[in-house]
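This report concerns only the one structure given below.
The values are calculated or read from the model by the stated rules, or taken from the named source; none is laboratory data. Note that the structure is predicted; figures quoted are calculated from it, not measured. As a convention, Cβ positions derive from the backbone with ideal geometry for all residues, glycine included, and neighbour counts pool all protein chains shown. For the accessible areas, the whole protein counts, side chains as well, though only heavy atoms, and no ligand, DNA or RNA atoms are used. Shrake-Rupley method; radii C 1.70, N 1.55, O 1.52, S 1.80 Å.
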Amino acid sequence: MTFARRLRLFMLGLGLGTVVSFIIFGKGCTNTAWAPEARVKLRMKSTLIRATPEAEDALKGLGLGLADLRAGMDGLDVDFGGSRRTDDSLYYTIGGSVKGRPVLLRIATLRDYMVDSTSTLLTILPR
């Protein structure tokens, strides 16, 4: 069997496998949230449901809500240099623009997702 024939058969199998997996799994197999920043944003979009009273006041002052922050999470950048880890918690620094307003968020969450899956907005600062 020549190399060209092997290559054609390989490409045919790869193409058929791609089509069959897309038919079986649908759009669920196109999740690209495997990078660290994308995983943090995905977690924040689904778990950011609480805020400290100071953060609530700052949100009201900016005319934003937690739903606005979750919706605009894709346009924000995670600053891993400004983030820190402790034995039980993760503190993320996330900055960018939400509804045209530049903000800097500090969000806390537990490392163990099974104990408490919610995230808390600690502070929000205008940039």
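Determine, from the Cβ-Cβ distance of R127 and S89 and an R0 of 30 Å, the FRET efficiency 1/(1 + (r/R0)^6), rounded to the nearest 0.05.
Values: r = 24 Å, r/R0 = 0.81.
It comes out at approximately 0.80.
Which of the chymotrypsin sites (Phe, Trp or Tyr not before Pro) found in region 34-95 are in a DSSP loop and have at most 10 neighbouring Cβ atoms, other than their own, within 10 Å? Numbers along the way, then the final one.
On the way: sites: W34, F80, Y91, Y92; in loops: W34.
Of the chymotrypsin sites (Phe, Trp or Tyr not before Pro), the ones in loops of region 34-95 whose Cβ has at most 10 other Cβ atoms within 10 Å are W34.
Rounded to the nearest whole Å², what accessible area per residue is found for the chain with the 1.4 Å probe? It would help to have the intermediate numbers written out before the result.
On the way: 8400 Å² over 127 residues.
Per-residue value: 66 Å².
Express the relative contact order of the chain as a whole percentage, based on alpha carbon pairs under 8 Å and six or more residues apart in sequence.
Values: 165 pairs, mean separation 27.4, N = 127.
Relative contact order, the chain: 22 percent.
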Taking just the C-alpha trace of the chain, give me its Rg and Dmax in Å. 20.9, 73
Between R8 and R39, the two model label points (7 Å from Cα along the beta-carbon direction) sit apart by a distance in nm of 4.3 nm
Using just the helices of the chain, give the 222 nm mean residue ellipticity in deg cm²/dmol: DSSP H runs with n ≥ 4 each add -39,500 (n - 2.57), and the total is spread over all residues, rounded to 500. -12500 deg cm²/dmol
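If you stretched the chain out fully between F25 and S117, how much longer would it get, using 0.36 nm times the residue separation minus the C-alpha to C-alpha distance? Before the final figure, lay out each step's value.
Working: separation 92, 0.36 × 92 = 33.12 nm, distance 2.67 nm.
Between F25 and S117, full extension yields 30.4 nm more.
Kirkwood hydrodynamic radius (Cα pairs, Å) of region 21-83?
Averaging 1/r across every pair of different Cα atoms and inverting gives 13.8 Å.
For region 29-127, with all protein chains present and a 1.4 Å probe, just round the carbon and sulfur fraction of the accessible area to a whole percent.
Values: 3060 of 5730 Å².
Ligands and nucleic acids excluded, carbon and sulfur give 53 percent.
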For the chain, whose charge dipole is built from +1 on Lys and Arg Cβ atoms and -1 on Asp and Glu Cβ atoms, the candidate among L122, L76, S89 with its Cα farthest towards the positive end is L76
